[in-house]
Amino acid sequence: MNKPSGNVLAKTCLAKRIIPCLDVKDGRTVKGVNFVALRDAGDPVELAFQYSQQGADELVFLDITATHERRKTLVDLVKSVATQVNIPFTIGGGINEIADADILLNSGADKISVNSAVVRNPAFIDELALAFGKQFVVVAIDTKFIEGKNYVHLNGGRIKTDIETEDWIREAEARGAGEILLTSMDHDGTKAGFDNDLLKNINVTLGIPLIASGGAGNVQHFVDLFHTTNVDAALAASVFHYGEILIPDLKKKLKQNNIDVRL
């Protein structure tokens, strides 16, 4: 199928994006609470097709246990998804060098997501932006609130750093990130709502699109997110995987609340 361009949307674009996220482990989609207690959520390719049909704007696939030895498995997943969906999708997990990104983009991914690798080597953002263009580079950040500050965490949230989240976002943007995917570990999987205060504070000063992740539990949470923070996109997993929220119903509700989405 022919897919739209993978270019990120400009901050001036009014249409908000709804993005299902598929965390992939050993070839299956999984989901947990606060990054732990994972349970199976289905076949990622089948879910991708369903979301494409439902009207999702984009998809994100994150190989949460990626290793170099399993790179072929991830490439095969990308190729399979590319034949099944007609919307842009991002792939992340274990991307540590230009060659990793190159093979995934050439296999059909529209964008690549990097997290731990660029925290350890920030110059990798510059290299990716130079090699492929900023619009293909999504910097994913896992953040947790500890003793009055938000800190970046690595390796699927298992390792705390001393880097404050807001500082790292500014550096990532300056180095050439095309989008920021920010996941609140405190809210992830809780279904208690997005971290609207943090997202609003960050989005005010950010010049590139911000994708909010962590905490979606019902349709009203999405309404509150967009009204409060004006972020560019909302990402969620379990509420979509287990049929608790259907994307057509969500978009209809957003439209009713004067939030511009593509129907």
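The values are calculated or read from the model by the stated rules, or taken from the named source; none is laboratory data. It should be emphasised that the depicted structure is a prediction, and the values quoted were computed from it without experimental measurement. Cβ: placed from backbone, ideal geometry, glycine included. Neighbour counts: every protein chain shown. These accessible areas exclude ligands, DNA and RNA; they are computed on the full protein's heavy atoms, side chains included. Shrake-Rupley method; radii C 1.70, N 1.55, O 1.52, S 1.80 Å.
Among (1) open to solvent by less than 20 Å² (accessible area, probe 1.4 Å); (2) at pLDDT 95 or above; (3) not aliphatic (A, V, I, L, M), where does Lys149 come up short? It is condition (1) that Lys149 fails.
The set of residues in the range 178-213 being among the acidic types (Asp, Glu) and part of a helix (DSSP H, G or I) consists of Asp197 alone. Contact annotation: residue pairs with Cβ atoms under 9 Å, 6 or more positions apart or on different chains, pairing a residue in the range 236-263 that is on the phi > 0 side of the Ramachandran plot with a partner that is surrounded by 12 or more Cβ atoms within 10 Å (Cβ to Cβ) and modelled with pLDDT of 95 or more, are Asn258/His227. The set of residues from the range 79-99 being closer than 15 Å to Val139 by Cα and open to solvent by less than 20 Å² (accessible area, probe 1.4 Å) comprises Phe89, Thr90, Ile91, Gly92, Gly93, Ile95. When the range 214-239 is filtered for residues that are at pLDDT 95 or above and in a helix (DSSP H, G or I), the ones remaining, listed by number, are Val219, Gln220, His221, Phe222, Val223, Asp224, Leu225, Phe226, His227, Thr228, Thr229. Taking the conditions exactly as written (open to solvent by 10 Å² or more (accessible area, probe 1.4 Å) and in a loop (DSSP other than H, G, I, E, B)), does Gly243 satisfy them or not? Yes: the conditions hold for Gly243.
Applying the selection to the range 100-138, what residues are open to solvent by less than 60 Å² (accessible area, probe 1.4 Å), among the β-branched types (Val, Ile, Thr) and out of contact with any Gly (no Cβ under 9 Å at 6 or more places or on another chain)? Once the filter is applied, which keeps residues that are open to solvent by less than 60 Å² (accessible area, probe 1.4 Å), among the β-branched types (Val, Ile, Thr) and out of contact with any Gly (no Cβ under 9 Å at 6 or more places or on another chain), the range 100-138 yields Val118, Val119.
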